[in-house]
Amino acid sequence: MKLNEVGADVRLRYATEIRCYRYFKAIKLARQIVEGESSKQYSLLWSYGAELRRAPSGNIFKVNINCPTLGLQPRFARCYICFDGTRNALTKACIPFTGLDGCHIKHKYGGRLTFQVRYVLFTDSFLMDLTKQTCSCNYWNLVGIPCRHGVAAIQRKVDDPIKYVGKCYHKSTYEKCYNEVITLLNGQDKCPKTSDPMILPPMLKCGPSRPKKVEQEAEV
């Protein structure tokens with residue numbers, strides 16, 4: 001929150017006025033609490049990984065750390081997590097072609113969260129095969145639903161387009177997908193303790209800031 005937003009909230013909730021420097025100090029303390037807690041979370045990754053593997057044997061947890069020299073504490077690099085129930089559901093119910101999508105994590109240390117999604121590609125030219133249920137526009141191949149070219153050909157054949165929809169959209173496939181269970185995990189206080197070294201948060205990278213404005217003296 002900005003200083004003026006904090007001041008407006010204090011005036012609205014408590015009907016009082018506080019000097020601006022106190023707002024700044026309160027925001028600074030709140031940020032230290034939040035960022036301090038996020039720094040400690042990296043050291044809990046070993047315990048979380050042990051708990052993740054303990055629940056069902058199919059869960060996967062991998063963490064990469066950077067340790068440039070001996071004697072220095074390792075720093076977090078990246079982490080990969082895969083739940084057994086999610087993998088089984090995707091294997092049974094989804095089409096095999098997948099891509100990657102993700103989002104940026106907004107906190108002191110930044111980072112990106114990536115996950116698998118279906119990817120669709122379109123081209124201008126097309127060549128269709130109703131027997132193989134494919135089209136060179138690639139929409140039918142990747143999505144599993146007849147494209148407009150396929151629907152036109154199916155209508156010429158006087159057939160039902162529903163028959164050409166991929167099995168991943170069938171009710172039986174949905175039931176297989178949602179029949180899988182992600183096993184519940186214990187809370188932080190009950191996670192297994194490990195003897196692994198404490199992980200430090202990644203190095204804080206400050207992006208390029210706006211260049212300072214240099215005022216030039218007018219020539220006399």
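Among the numbered conditions (1) surrounded by 14 or more Cβ atoms within 10 Å (Cβ to Cβ); (2) at pLDDT 80 or above, the only one that ILE60 does not meet is (1). Scanning segment 48-87 for residues that are under 20 Å from GLY187 (Cα atoms) and part of a loop (DSSP other than H, G, I, E, B) returns ALA55, PRO56, SER57, GLY58, ASN59, PHE83.
Can you give me the number of residues within segment 167-183 that are touching a Ser or Thr at 6+ places or on another chain (Cβ under 9 Å) and either crowded, with 17+ Cβ neighbours inside 10 Å or among the hydroxyl-bearing types (Ser, Thr, Tyr) (or both)?
Start the filter on segment 167-183 by keeping residues that are touching a Ser or Thr at 6+ places or on another chain (Cβ under 9 Å), which leaves 167, 180, 182.
Keeping just the survivors that are either crowded, with 17+ Cβ neighbours inside 10 Å or among the hydroxyl-bearing types (Ser, Thr, Tyr) (or both) gives 180.
Selection size over segment 167-183: 1.
Filtering segment 132-148 to residues that are more than 15 Å from TYR169 (Cβ to Cβ) and touching a helix residue (DSSP H, G or I) at 6+ places or on another chain (Cβ under 8 Å) leaves THR134, CYS135, CYS137.
The residue pairs whose first member lies in segment 130-142 and is within 16 Å of ASP159 (Cβ to Cβ), whose second member is of a type in the set (Ser, Thr, Tyr) and not in a helix (DSSP H, G or I), and whose beta carbons are closer than 9 Å, counting only pairs six or more residues apart or on different chains, are TRP140/THR134.
The values are calculated or read from the model by the stated rules, or taken from the named source; none is laboratory data. Note that this is a predicted model, so its numbers are computed, not measured. Virtual Cβ from ideal backbone geometry, glycine too; neighbours counted across all protein chains shown.
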